[in-house]
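Report on one structure; see the data block that follows.
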Amino acid sequence: MNTKVSIARCQDYSNAKDAIREALNLIGGLEKIIVPGNRVLLKPNVLAIRSPEDAVTTHPAVVSAMCELVLEVGGIPVIGDGSGIVKPGSTTTAQALKASGIESVASAYGVELINFETSDFVEVDIPGARQFSHMHISRAVLEADVVISLPKLKTHELTLYTGAVKNFFGTIPQKNRKQAHFLEDRRRFGEAIVDIYSVVKPQLAVMDGVVGMEGNGPANGTPVFAGVIMASYDCVALDIVASELIGIDPLKVPTNKAALARGFGTKHPDIVGTPLEKVKVGFKKPEGGITAYIPSFVMRILRRQLAVKPIINTSNCVLCKACVSNCSAHAIEESGKVLKINDEKCIQCYCCRELCPNNAVEIKKSLLLKLVTRSKS
């Protein structure tokens, strides 16, 4: 497997196609993986109903450029994703695809747009699984000739960083997502993501790192300019370099660690194009992810004392109950006319915080954790 990772500078989304072409040429081009007539599934990150300017979703300029480049080599581009639930009882992926500008891209190129939330899933066996020996995966992904991950460069409160590998969490149904979050452990959650990755077997990743998200990603952080497009035939290799680029130890990222343990990727990818040192930018770390930097034996002993708990700010809460729908631990309870999180049930997966449309879920650190992590804030 070619584990080269290319880095191309990109100052503005108007230059996205040129930067992506440069990044692809540095590793060998699309011709290496696409034969004319191939059905090529483009998998952006369409997490929630947010506009491109919020830096939550893959920018439509990146998706548009990839459609053009795939067409140029004779491939048939198809776009697909499944967002998180934002409003109970609604088909939010359709709304998210529209708000992100990706629906317009599909329309402009006459490209099929697949809503994983409402399309078929296929149950598959996962050889060598660490957490799930069976999983439902979108049929569109499994039946594509070529699968390309189009992640957004972001921090993540549970996994510290989210990128090319974690992007495939969107290919499974909500029931399986809740099961994965209910594992109640970063390490095990990372292994579950790699279980999915091992079945999907993407052939390429192109990272939207022009404007990323720092702080409390993947949905509640702050947009930040990084000015890069990255590409690799190996999603794990790309994630190793991208996490280092934003100042996060690659081996602290559970998906990276789990993938390397399974023989995917490499700890030391070949970097081509712009040197990593010239584009490194220190992203602000996610509050919820700070415990990843505390030794595991300390966390086992002092887990309660080193808590990072989500709490609901009732002044911002509009009782939409999106948090209730997304809580795999059933820890959110209604008390009168307010919602409260039961600390005894909460597994600190931060799904409530990630998918609240009103930013009503905040983080509360224990006093001991504030003292321990003061130097890392």
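The values are calculated or read from the model by the stated rules, or taken from the named source; none is laboratory data. Keep in mind it's a predicted model, so treat the numbers as computed, not measured. Neighbour counts run over all protein chains shown; Cβ positions are idealised from the backbone, glycine included. The protein model used for the area step is the full one, side chains on, heavy atoms only, and it has no ligands, DNA or RNA in it. Shrake-Rupley method; radii C 1.70, N 1.55, O 1.52, S 1.80 Å.
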- Query: Using θ = phi - 60° and the Karplus curve 6.51 cos²θ - 1.76 cosθ + 1.60, what whole-Hz ³J(HN,Hα) does each residue of segment 348-358 get, with Gly and Pro shown as x?
  - Reply: 6, 8, 6, 4, 4, 6, 5, 10, 6, x, 10
- Message: So the label point goes 7 Å from the Cα of Asp270 along Cα→C-beta, right? Which residues of segment 13-29 then have their backbone N under 13 Å from it?
- Response: 26-29
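So if I take the alpha carbon set of segment 88-243, get Rg, then get Rh from the Kirkwood formula, what is the Rg over Rh ratio?
0.94
Remind me, relative contact order of segment 303-355 in percent, using alpha carbon pairs under 8 angstrom and six or more residues apart?
39 percent
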- Which of these, Pro275, Pro44, Pro77, has the largest mean-square fluctuation under a Gaussian network model of the chain (Cα springs below 10 Å)? Pro275
- Simple spin-label model, 7 Å along Cα-to-Cβ: Thr118 to Asp12 in nm? 3.7 nm
- For the chain, state the average projected area of the convex hull of the C-alpha atoms over all orientations, rounded to one decimal in nm². 17.3 nm²
- Taking the chain and a Cβ-Cβ threshold of 4.7 Å, the cysteines left without a partner are Cys10, Cys67, Cys235, Cys317, Cys320, Cys327, Cys346, Cys349, Cys351, Cys356
- Note on the structure: For the pair Asp249 and Cys320, the simple spin-label estimate (label points 7 Å beyond Cα toward Cβ) gives in nm 3.7 nm
- Among the lysines, select those whose C-alpha is under 30 Å from the C-alpha of Lys337, and discard any that sit fewer than 8 residues away in the same chain. Lys87, Lys175, Lys178, Lys309, Lys321, Lys345, Lys364, Lys365
- Item | Residue with peak Gaussian network fluctuation, the chain [Cα springs, cutoff 10 Å], from Glu277, Glu354, Glu117 | Glu277
- Antiparallel as a % of all DSSP beta bridges within the chain, to the nearest 5? 60 percent
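Can you work out the accessible area per residue across the chain, with the rest of the protein chains kept in place, probe 1.4 Å, in square angstrom? List each step's numbers first, then the result.
Working: 15340 Å² over 377 residues.
Result: 41 Å² per residue.
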- Message: Using only the alpha-carbon atoms, how far is helix 186-200 inclined from the longest principal axis of the chain? Give it as 0 to 90 degrees, nearest 10.
- Response: 30 degrees
- Is it possible to state the helix-based mean residue ellipticity at 222 nm for the chain, with each DSSP H run of 4+ residues giving -39500 (n - 2.57), the sum divided by total residues, to the nearest 500 deg cm²/dmol? What is it? -8500 deg cm²/dmol
- On the accessible surface of the chain, probed at 1.4 Å with all protein chains in place, carbon and sulfur together account for a percent value of 49 percent
- Note on the structure: As a percent rounded to 5, the proportion of antiparallel DSSP bridges among beta bridges in segment 19-164 is 40 percent
- Task: Evaluate E = 1/(1 + (r/R0)^6) for Gln174 and Asn342, where r is the Cβ-Cβ distance and R0 equals 25 Å; express this FRET efficiency to the nearest 0.05.
- Result: 0.70
- Item | Share of pairwise Cα separations in segment 1-70, more than 19 Å, in percent | 43 percent
